[in-house]
Amino acid sequence: MVDMERRTALATASAAIAAATTGSAAAKTSGPSRDVKIDPNNLTDAQKKMLGIRFRKLDPESHLDFVTGFRRVLGRQGGSRASAEEVQRYLKSKGVSAGQDTDLSHEDSWNLMVQNGPYAAQLRLMCSIQSVMWDRASRALHADRHDLLAALEKSDVSGPGKLELDPDLEIPDTARHEIHQQPGGYCGDPLGGFVYHHAVTQGFRAGTADHDENHIEYTQAHAKPTDGMVNRILDIGCGTGQSTTPMKMRFPDAEVWGLEVGAPMIRYAHYRAAKMGLDVNFRHALAENTKFPDNHFDLVTDHLLFHEVAPDRIAMIVPEIFRILRPGGVFSHHDLLTEGHPTIQPSHTVPGKARLWETRRHNNYETHYLAYSQSDFPEQLRKAGFEVSFPPPTTGTRHVTATKPA
Ligand SMILES: C[S@@+](CC[C@H](N)C(=O)[O-])C[C@H]1O[C@@H](n2cnc3c(N)ncnc32)[C@H](O)[C@@H]1O
């Protein structure tokens, strides 16, 4: 066993651990489904062992620790009172209020903000440290390219869950993009799933998701149909499966699927779920055309998919979700803010608009984020036939619950 596999094996678990984590399998009944509560802040040792990941060597880990620390310092600096006062002083000198909504466009807000030296330096540092994060993670994993590709090939055909790959899948241009600056993006680097998971966990999420804690928190908060029946679940845009496997932990008796456009991502998702011993299935397909039958799922979920998708594609995905949900079934949406939420909307101030423009352009290359944030997503769901409600907000991102009328 190569070192990487050994370390991964240390950090993952057998089916026995998975069963210990989720409880023993029970026969499916016609009543409400078993729904296991998992507290992300009090994971058991077995759960941590199952969910943690490590690099093979300490060297890249230490580099990514540096990235994390650097981002924290920058974030603290940017969020400090002194920094806020500097922004206020600067904008006041330009005749603009930092706290009030502005008619300036996102681009003009950004252009105004970057004329301030400390602000511009902070953006530049954030952007550069992000490319260091990808570069270091990518180089470390590609040093083991041969072994990792062999491990993927082996796991492609192993269980307990299925992996359905589509070599002929037509990848939309928008999905080929090097989003977040990731080299090769979601589709272009065969080790993209390994790279994403290692880099994002250690770099972006900065100690808040070493064992999928973030993902467990919001998957625990997904709404379910009022009859409590959750026999089939689909997670669209499932990436490395971190938003999918917690749904199997929560609903151990359900048939759980993840669906994803990037083959490198979904192969890794399957590899990881199989290592965990979790019976989760993955389909390489477009959320626009899932190829599942009508009225099939009780629950469809997404996490951080839509802000990365072009508006014309969103217009195809929403009716597709409606089609595959059974009457009374629920779509639980969890993403960044849009218009149309009754209590919390995207910022319309100069600093807020500048931040969004930076994320869209220079820092994260999230080309469609601006259009998504300006759209009324809940209204789009209503127009497709859903009844929309808003559960209490959780940290950072927000749930929207869309129910297909019974
Ligand atoms: C930010 S990632 C989130 C991944 C995962 N849900 C999580 O929370 O870790 C968004 C994922 O959506 C996938 N994606 C984007 N457009 C898609 C589409 N049209 N159909 C299926 N997957 C898509 C991307 O490839 C990417 O893996």
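Just so it is clear, none of the values below were taken in a lab; they were calculated from the coordinates. For clarity, every value in this text was computed on a predicted model and none was experimentally measured. Every residue, glycine as well, gets a Cβ built from its backbone with ideal geometry; the counts of neighbours run over all protein chains shown.
In 5 Å bins starting at zero, report the fraction of Cα pairs in the range 255-374 per bin as a rounded %. Using 5 Å bins, I get a P(r) of 2, 10, 16, 19, 18, 15, 11, 7, 2, 0 for the range 255-374. If the chain linking residue 348 and residue 62 were pulled fully straight, counting 0.36 nm for each residue of separation and taking away their Cα-Cα distance, it would gain 99.1 nm. What shape does the chain have by the C-alpha gyration tensor, where a ≥ b ≥ c are the square roots of the eigenvalues, rounded means a/c under 1.5, and otherwise prolate means a/b greater than b/c and oblate the rest? Oblate. Farthest toward the positive end of the dipole of the range 267-357, out of 337, 282, 314, is the Cα of 282, where the dipole comes from beta carbon charges about the Cα centre.
The order of 275, 353, 162, going from fewest to most other C-beta atoms within 10 Å of their C-beta, is 162, 275, 353.
Taking a sphere under 12 Å around the Cβ of residue 96 and counting the other residues whose Cβ falls inside, with K and R at +1 and D and E at -1, yields a net charge of +1. In whole angstrom, the range 151-191 maps to an equivalent ellipsoid with semi-axes of 24, 13, 8, each derived as √(5λ) from the alpha carbon gyration tensor and ordered largest first. About the centre of its Cα atoms, the chain shows a dipole size close to 880 debye [charges on the beta carbon of Lys, Arg (+1) and Asp, Glu (-1) only; nearest 20 debye]. Taking other Cβ atoms within 10 Å as a rough exposure proxy, 322, 331 sort from fewest to most as 322, 331.
Close amide H contacts of residue 325 (hydrogens built in the peptide plane, cut-off under 5 Å, sequence separation of 5 or more or a different chain): 295, 296, 297. Residue separation of residue 44 and residue 135 scaled by 0.36 nm, minus their Cα-Cα distance, works out to 29.5 nm of gained length. For 398, 323, 124, the sequence from fewest to most other C-beta atoms within 10 Å is 124, 323, 398. Sorted into 10 angstrom bins from 0, the C-alpha pair distances of the range 306-406 split as 15, 46, 30, 8, 1 percent.
Please give the FRET efficiency for residue 142 paired with residue 30, using the beta carbon to beta carbon distance and R0 = 51 Å, rounded to the nearest 0.05.
0.55
Reducing the range 35-57 and the range 164-237 to their Cα centroids gives an inter-centroid distance of 17 Å. Scanning residues 5 or more positions from residue 186 or on other chains, those with amide H under 5 Å from its amide H are 179, with H placed 1.01 Å from N in the peptide plane.
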